[in-house]
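Chemist: Handing you a structure now.
The values are calculated or read from the model by the stated rules, or taken from the named source; none is laboratory data. Quick caveat: nothing in here was measured; it's all calculated off a predicted structure. Here the Cβ positions follow ideal geometry from the backbone for every residue, glycine too, while neighbour counts run over all protein chains shown. Accessible surface is based on the protein model in full, side chains and every heavy atom, while ligands, DNA and RNA are left aside. Shrake-Rupley method; radii C 1.70, N 1.55, O 1.52, S 1.80 Å.
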Amino acid sequence: MTIIMNNAAFTEPPRNCARCPRLRAFLLDLRAQYPDWHNAPVPSFGDPEAALLIIGLAPGMQGANRTGRPFTGDWAGDLLYAAINEYGFSEGTYGAEPDDGLRLTGAMITNAVRCLPPQNKPVGAEINTCRPFLVDQIEAMRSLKALLCLGKISHDSTIRAFGLRLKDYPFGHHVIYDLPNGLRLYSSYHCSRYNTNTKRLTEDMFYGVFTDIRAYLKR
Ligand code: URA
């Protein structure tokens, strides 16, 4: 699939997106329980002219789903925003709330699935249904050079977004692929609390991926 890099018509999913009935019902329940939370599709956050797009799985209940900004307010965000800051992709201080004044510079963050899934597990149909928003996000980024996929769901959905076959681009921690469209794809184990608590992903492993991305983008 050819990626057109100048699609200025990118639109986020609407607040009342009803494409996934299960996710919609879950969010409506949460709106009744927690009226002060975001409880809606979470828009991408960052620099539209970025060379790097970071793709997570889906909003976390107490994090992005509550605050309305990807990875903001939960464990995964603490690790991700620390790495983003360490590698020079942000200005300001991450304060775990969307009004913390943090600005991303050269990076954009989005999710493969924009709505909070029960148990953090979107089903295949939901991942497929949400993919057009990922495709639009990628197409809208005219300066994009690299993608960082966090976890297998993000990796697989991104490979499919490009019309490529998963068997040609298997997921693994710190795999790097030069895609036929000229973009370079990096994948990492997801920076979730579970993965870090079990040491499946250490800070060194995570930062190692960022080291390579930074070197690639500086060339
Ligand atoms: N928060 C997000 O926005 N995405 C994830 O994948 C995890 C937490």
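Chemist: Defining a contact as two alpha carbons under 8 Å apart and six or more residues distant in sequence, what relative contact order in percent does the chain show?
Modeler: Relative contact order of the chain: 23 percent.
Chemist: Tally up the carbon and sulfur contribution to the accessible surface of the chain as a whole percent, 1.4 Å probe, everything protein left in place.
Modeler: For the chain, the apolar C and S fraction of the accessible surface comes to 52 percent.
Chemist: To continue, here is another question. Can you tell me the dipole magnitude for the chain around its Cα centre, using point charges on the Cβ only (Lys, Arg +1; Asp, Glu -1), in Debye to the nearest 20?
Modeler: Rounded to the nearest 20 debye, it is 680 debye.
Chemist: Turning to a different aspect of this structure: Using a Gaussian network model of the chain with C-alpha springs under 10 Å, which one of LEU104, LEU179, LEU53 is most mobile by mean-square fluctuation?
Modeler: Comparing LEU104, LEU179, LEU53 in a Gaussian network model of the chain, the most mobile one is LEU179.
Chemist: Give me the distance between the Cα centres of segment 163-219 and segment 41-65, rounded to whole Å.
Modeler: So the two Cα centres are separated by 16 Å.
Chemist: Using Cα positions and a limit of under 17 Å, work out the aspartates and glutamates in reach of LYS145, with same-chain residues fewer than 8 apart set aside.
Modeler: Partners within reach: ASP47, GLU49, ASP136, ASP178, ASP212.
Chemist: Over the chain, with a Gaussian network built from C-alpha contacts below 10 Å, which listed residue (LEU144, LEU52, LEU164) shows the highest mean-square fluctuation?
Modeler: So, out of LEU144, LEU52, LEU164, the one fluctuating most is LEU164.
Chemist: Can you tell me what share of the DSSP beta bridges in the chain is antiparallel? A percent to the nearest 5 is fine.
Modeler: Restricted to the chain, the bridges split so that about 35 percent are antiparallel.
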